[in-house]
There are 2 protein chains.
Amino acid sequence: MDKPLTITEASRRIRDGRLAPLELVETCLEQIDRFDDQVHAWVTVDEQQARRTAEMLGRQTPRGPLHGIPLGIKDIADVEGLPTRAGSPLREDHVARQDAPLVAALRRAGAILLGKTVTVEFACFDPSPTLNPWDPQWRHTPGGSSSGSAVAVALGMCPAAIGTQTGGSLVRPATYCGVATCKPTFGRIDTGGIVPVSYHLDHPGPMARTVDDLEILLRCLVASGGAAEGPPPKPQPGGRRDESADSSRPAAPRLGLLEQFFMEEVDQPVREVTLSALARLREAGAKLEPLAFPDGFEQVQPMHRTIMAVEAAEYHRRQFADHRDSYGPLISSLLDEGLTISAVQYAAALAWQRRFRRRVATLFEEVDALIMPSTDTTAPASLETTGTPKFQAPWSCAGVPVVSLPSGVASDGMPAAVQLVGPAGDDWRLLQVARWCERWLAFDALPPLMA
Amino acid sequence: MDKPLTITEASRRIRDGRLAPLELVETCLEQIDRFDDQVHAWVTVDEQQARRTAEMLGRQTPRGPLHGIPLGIKDIADVEGLPTRAGSPLREDHVARQDAPLVAALRRAGAILLGKTVTVEFACFDPSPTLNPWDPQWRHTPGGSSSGSAVAVALGMCPAAIGTQTGGSLVRPATYCGVATCKPTFGRIDTGGIVPVSYHLDHPGPMARTVDDLEILLRCLVASGGAAEGPPPKPQPGGRRDESADSSRPAAPRLGLLEQFFMEEVDQPVREVTLSALARLREAGAKLEPLAFPDGFEQVQPMHRTIMAVEAAEYHRRQFADHRDSYGPLISSLLDEGLTISAVQYAAALAWQRRFRRRVATLFEEVDALIMPSTDTTAPASLETTGTPKFQAPWSCAGVPVVSLPSGVASDGMPAAVQLVGPAGDDWRLLQVARWCERWLAFDALPPLMA
């Protein structure tokens, strides 16, 4: 089939009258119809409403930047009138009475809410039934927790989808499924109406096929407002502060390479794709500068785990006490862990997180962004795991923005990606750096299923 | 003696060449010399440095807004070269190697750092030796924990001083000693270089004699930068957002009266002063509108206590384990409490605080500020307590800005005050409201000691 349309291209055709929103919806529904029995990316597809909305939008002059664009919403964010099941049998009867602010913002921008995409149980660790379309033999995890969103975008079931990341729940499934994603600065996007995992770590964000599309989505999502408890944005020496800059001719960026940890822990197939990607970027003019880690980086995984375990346990405590049997083994063990932690231990982890954020800010004194592989491996050939968050969790903990871009297909036939990490608050400038890199990464492979 | 000079008046005279910074320093040192043996407001008076700096500034053209103004700094904030004892025997040997950012900001603005004012032990509850100058028989607490700063300003030992508030440590001692204070929005002022009590509750702020002086100080303090984790500023319907507005002709404000709790729990002497103050404001044109509390207000005291106990216990845990005998009984009991709390309980208190902040924001939909007595009683006639934070802690928990203005001397001869509370982020507009009120409150009494 043809390569699925991007938001940018679909919007252009809609504006020019060459594409009706209803046609686009039908194309998406066809892809869902064709593949979803196999990949299980969707919990709810709201066909009738999507068609009705598309017809209505088709009669209107395009106003918002997402006019007529069908989107999938991870099934932990409320969409009015649809259930928010959060991957748990405990929420079978939950029906959202109003849109989450982030969903309302997308709707205001003209988006068609196609339905709800599968999430791992309560956006934690127990795998969902979703399968990875890059392996026609269905042995590989699609990653999680935003499994359905990643698969839906990978298979052209929608041009883009919304997910959330607490550890690596946007970047990991996007990487395993060969799509792009952006985790903005912590606090940028309103988390109201979303089933929380962990207050100090949760980040909603978009998945799409291109950096332009990510930026369109992020600008709409940010309009939903955000919490205020982000890390302090660090003024960049000589840099512009978080403004929409002229992106027509971005200069070659200075990229910081964290070889320690990331290039040590990466496996061979991902290493090869990463080195090849770095070589192309260097050849195109990017300055790659090795950087050392800030002190204390080795504590990020246990600190992240402590914060996540406690905050998840706080949210689930009553329901977990009453319905323990309805929780999966991995989330149960997380909640049990959270219930045994002392307040002082948790307060120490939060204090550590604040120090870590300040240390991470210092990494950007000489570079525009950091670059490293998005994941340590390609999608594991297992349906018992969604992979490890170890390459993504540090940046969720730091609250800094990340853009992950597919950068090649590894020797095992599965896609790999690089992630670009920017200073807190500099989301737009990071997207500009990512746009520059995207051109040279030139990823255009599609899942074999789509051939 | 003459009424002590305000910053505004002293600055005018310094600029006009009618007052040398050294003269002002000498006046302050005379007051310290005259009274400090009795009131114990100062831990360290840096006479030589103050005189040297004053001479140097006297030879320069005034640049910063605090040029030549002597200030006292609560002895939990670092001043380069001076000890930061924090009211604890455990810190006898601590000498600060650099200024806290907030102190550096004052110094850059031209302030003369006269010395360190007494704090209650680690800014908690165990009374310091400081005495209240409104009672010549020395039976009354000056309040705490910023005891020395309040007494120093009350006695004209310095035109203004810096304190901090976690529960009520600025507003309570300022009220008990008859001076004005301002606790800005949480996160406005950098808390670096200050011995912490509780990350989610600590607020540095100025004490002075007038609203103009508070504003001058706050503008300098804010220049120190701030943490980012403040409560989200709430756009006011039709209001200006946090800008320096024309303050020459402020309109009569709409003031919300929280009669529930505050007017129920207040004792008779403070009630009388408050009612008289409200009558004067109403007569001058202020619109006083009774408001109901947001749901859940009754939980604010235990939630505040949980957060404070845990975060203090986290900071002190090692030292407290090793040197328990060097801690006072009240802080020991706070730390013991913090050590027994579970992470989930503390996370629930933090989540409650975030909800409370959102609820408090809704109080400002129809009014410019809230008004209520600053304290439930005048200074208790006891040296075993610094009074209760129950009227101040709700606003520390909410993170909203507060200006407290002396409003009269109560029937027991001790001063009382009203506090004005504004929406998060609206510090400058609140100061403008306070300036309007100050005119009609017209407090000009001095401690009997100064007669």
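The values are calculated or read from the model by the stated rules, or taken from the named source; none is laboratory data. The model shown is predicted, which means the values in this text are computed figures rather than measured ones. We place every Cβ from the backbone using ideal geometry, glycine too, and count neighbours over all the protein chains shown.
The figures follow:
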item	result
Evaluation of A:D2 against (1) assigned to a loop (DSSP other than H, G, I, E, B); (2) in the same structural domain as A:E215 (by TED's automatic domain parsing); (3) over 22 Å from the mean Cα position of the chain (by Cα) (one fails), failing number	(2)
Subset of segment A:384-432 that is polar (S, T, N, Q) and assigned to a helix (DSSP H, G or I) - its residue that is nearest to A:P129 (Cα to Cα)	A:S396
Condition met for B:G64 (of a type outside the set (S, T, Y), in a loop (DSSP other than H, G, I, E, B) and surrounded by 20 or more Cβ atoms within 10 Å (Cβ to Cβ))	no
Flag if B:A161 is at pLDDT 95 or above and part of a strand (DSSP E or B)	yes
Search result, residues across segment A:362-383 that are of a type in the set (A, V, I, L, M) and either within 19 Å of A:P136 (Cα to Cα) or part of a loop (DSSP other than H, G, I, E, B) (or both)	A:V367, A:A379, A:A381, A:L383
Segment B:12-31: number of residues that are under 22 Å from the mean Cα position of the chain (by Cα) and farther than 13 Å from B:L449 by Cα	1
Any hit, segment A:395-408, residues being touching a residue at least 12 places away in the same chain (Cβ under 8 Å), within 30 Å of A:D126 (Cα to Cα) and surrounded by fewer than 24 Cβ atoms within 10 Å (Cβ to Cβ)	yes
Options B:L218, B:L201: the member that is over 18 Å from B:L420 (Cα atoms) and touching a Gly at 6+ places or on another chain (Cβ under 8 Å)	B:L201
Odd one out for B:V344, checked against (1) touching a residue at least 12 places away in the same chain (Cβ under 8 Å); (2) of a type in the set (A, V, I, L, M); (3) at the interface with chain A (Cβ under 10 Å from one of its Cβ atoms)	(1)
Options A:F293, A:F320: the member that is surrounded by 15 or more Cβ atoms within 10 Å (Cβ to Cβ), farther than 18 Å from A:F125 by Cβ and not small (G, A, S)	A:F293
Selection count, segment B:347-382, where residues are more than 30 Å from B:K287 (Cα to Cα) and within 14 Å of chain A (Cβ to nearest Cβ)	6
Tabulated pairs, segment A:431-448, first closer than 15 Å to A:V418 by Cβ, second of a type in the set (D, E) and assigned to a helix (DSSP H, G or I), C-beta under 9 angstrom, 6+ apart or interchain	A:L431/A:D212; A:L431/A:E215; A:A434/A:E215; A:R435/A:D212; A:R435/A:E215; A:E438/A:D212; A:W440/A:E283
Hey, B:E264 outside the structural domain of B:G338 (by TED's automatic domain parsing), assigned to a loop (DSSP other than H, G, I, E, B), at pLDDT below 95 and of a type in the set (D, E, K, R) or not	no
Residue in segment B:106-120 that is within 25 Å of B:A393 (Cβ to Cβ), assigned by TED's automatic domain parsing to the domain that holds B:A416 and of a type in the set (G, A, S) present	no
Which listed residue, of B:L29, B:L22, B:L102, B:L90, is of a type in the set (A, V, I, L, M, F, W, C), within 19 Å of B:L214 (Cβ to Cβ) and in contact with a helix residue (DSSP H, G or I) (Cβ under 7 Å, 6 or more places away or on another chain)	B:L102
All positions within segment A:39-59 that are in contact with a helix residue (DSSP H, G or I) (Cβ under 8 Å, 6 or more places away or on another chain) and closer than 30 Å to A:P136 by Cα	A:V39, A:H40, A:A41, A:W42, A:V43, A:V45, A:E47, A:A50
Verdict on B:R18 being modelled with pLDDT of 95 or more and buried (at least 21 other Cβ atoms within 10 Å of the Cβ)	no
Number of positions in segment A:328-341 that are touching a helix residue (DSSP H, G or I) at 6+ places or on another chain (Cβ under 6 Å) and either within 11 Å of another protein chain (Cβ to nearest Cβ) or of a type outside the set (A, V, I, L, M) (or both)	6
Whichever residue in segment B:117-136 is assigned to a loop (DSSP other than H, G, I, E, B) and among the hydroxyl-bearing types (S, T, Y) and, among such residues, is nearest to B:Y176 (Cα to Cα)	B:T130
The one condition in (1) closer than 24 Å to A:P269 by Cβ; (2) among the aliphatic types (A, V, I, L, M); (3) not in a loop (DSSP other than H, G, I, E, B) that A:L114 fails to fulfil	(1)
Qualifying residue in segment B:297-317 (condition: modelled with pLDDT under 95, under 18 Å from B:A393 (Cα atoms), in contact with a Lys or Arg (Cβ under 9 Å, 6 or more places away or on another chain) and more than 10 Å from chain A (Cβ to nearest Cβ))	yes
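Yes or no, residue by residue, for (1) β-branched (V, I, T); (2) assigned by TED's automatic domain parsing to the domain that holds B:G163; (3) touching a strand residue (DSSP E or B) at 6+ places or on another chain (Cβ under 8 Å):
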{"site": "B:R13", "(1), (2), (3)": "no, yes, no"}
{"site": "B:Q48", "(1), (2), (3)": "no, yes, no"}
{"site": "B:I69", "(1), (2), (3)": "yes, yes, yes"}
{"site": "B:A77", "(1), (2), (3)": "no, yes, yes"}
{"site": "B:R85", "(1), (2), (3)": "no, yes, yes"}
{"site": "B:S88", "(1), (2), (3)": "no, yes, no"}
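So that you can scan it fast, the table gives a plain yes or no per residue for (1) buried (at least 24 other Cβ atoms within 10 Å of the Cβ); (2) outside any loop (DSSP other than H, G, I, E, B); (3) at pLDDT 95 or above:
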position	(1), (2), (3)
B:S169	yes, no, yes
B:P173	yes, yes, yes
B:Y176	yes, yes, yes
B:C182	yes, yes, yes
B:F186	yes, no, yes
B:T191	no, no, yes
B:V197	yes, no, yes
B:L201	no, no, yes
B:G205	yes, yes, yes
